[in-house]
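The structure appears right after this line, and notes come after that.
Each reported figure results from applying straightforward, stated rules to the coordinates on display, with no laboratory input. The shown structure was predicted, so the numbers you read here are calculated from the model rather than taken from an experiment. Virtual Cβ from ideal backbone geometry, glycine too; neighbours counted across all protein chains shown.
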Amino acid sequence: MLLIPVVLWLNWQFLAPYVAKGQPNPVDPLLFISHQVPSSPPDDPRYQKGYLDLVFIAYYIIFWSFIRQSITLYICRPVAIWFGIRKEAKLDRFGEQAYAVVYFAFNGFWGFHIMSQLPTWWYDTKYFWIDYPHWEMKPEVKRYYLMQAAYWCQQLLVLVLGLEKPRKDYYELIAHHFVTLWLIGWSYLINLTFIGNAVYMSMDIPDAFLGFSKLLNYIQWDRAKVGSYAIFLGVWTYFRHYLNIMMLWSVWTEFDLMPESSKRWEPKDGVWMVWWMKYQIFLPILLLQFLNLFWYFLAVRIGYRALTDITVSDTRSDDEDDGAPDDENDKED
């Protein structure tokens, strides 16, 4: 199914010069971003949002499903077996976490690269609002945003349809995915993609460290996992709390400064959003912070227990549903 649009696109590319010369490829919106600004120069194109973005997201939901299955089954599963994991439930969990590491590491680096080209580098929050609204996007920014949206839609479907065995924090994960999609949707609709990029980064990078520490837990590299977990806690604290609070403060304060400081920070074309739009950004970031605090409490508790027991397991979500343990190190403390 994933390859059907690709085949159709290739067929059109080869046949169109003979049967429909000069006509655009109808499959383009599935595979590539749409709505290029006609007046933007060819060597520096700009894009706006539009309804065809939904078509792009729909296709890449399928794309991420294919990538997920391919990585977990054909790469992660053999690696897990090589490390001595035999239980089916643990093989599934290892695959899920390894895929998470690959995804979040890749997109964390991608988001880092994009921010390095934006005026918001490094979390210079006043540029979330300067020259607002940012109607036009660089192609890489739009592609990044929509690919992330497709991923989170796909992950929500995985949870809701029960394609993964539920974890202890199942309802918190459901809430997290809904809030994330709320934030993605509104920030995209009201042209706050700069702040969206910053939020994505603050979530993706610590998740890569979290997944990696869990992999060490599964293969029972006890001392390495404790060191990895300590690094993860530091990264999580900085990105998911310090930087998130910075962004909350920016939405709450710098948002309101813009109209009052028009002589200093003039909104582009004199356009500004209505007052209630502020809460469509502030509230989901605040809710994400509450969820992050919930997981932070669990993470700190695990870290504390690791100081007294080097074989401590991650009680956040992973080992509770594996059935009978292989040995004492698999039991939940």
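The C-alpha atoms of region 180-226 occupy a region whose extents along the principal axes are 47, 15, 9 Å, arranged from largest to smallest. Once a ≥ b ≥ c are taken as the square roots of the eigenvalues of the Cα gyration tensor of region 50-180, is the result rounded (a/c under 1.5), prolate (a/b larger than b/c) or oblate (a/b not larger than b/c)? It is prolate, given that a/c is not under 1.5 and a/b is the larger ratio. With both labels modelled 7 Å from their Cα along Cα-to-Cβ, the Lys87 to Val158 distance reads 2.1 nm. Shape class of region 1-56 from the Cα gyration tensor (axes a ≥ b ≥ c, square roots of the eigenvalues): oblate, since a/c reaches 1.5 or more and a/b does not exceed b/c. Modelled spin-label separation between Phe112 and Val55, with each label point placed 7 Å from Cα along the Cα-to-Cβ direction: 3.6 nm.
The stretch between Glu140 and Ser70, if pulled fully straight at 0.36 nm per residue, gains 22.7 nm over its current Cα-Cα span. In this calculation the C-beta distance from Arg301 to Val7 is compared with R0 = 41 Å, giving a FRET efficiency of 0.20. Ranked by how many other Cβ atoms sit within 10 Å of their own Cβ, fewest first, the residues Tyr171, Tyr144, Tyr200 fall in the order Tyr171, Tyr144, Tyr200.
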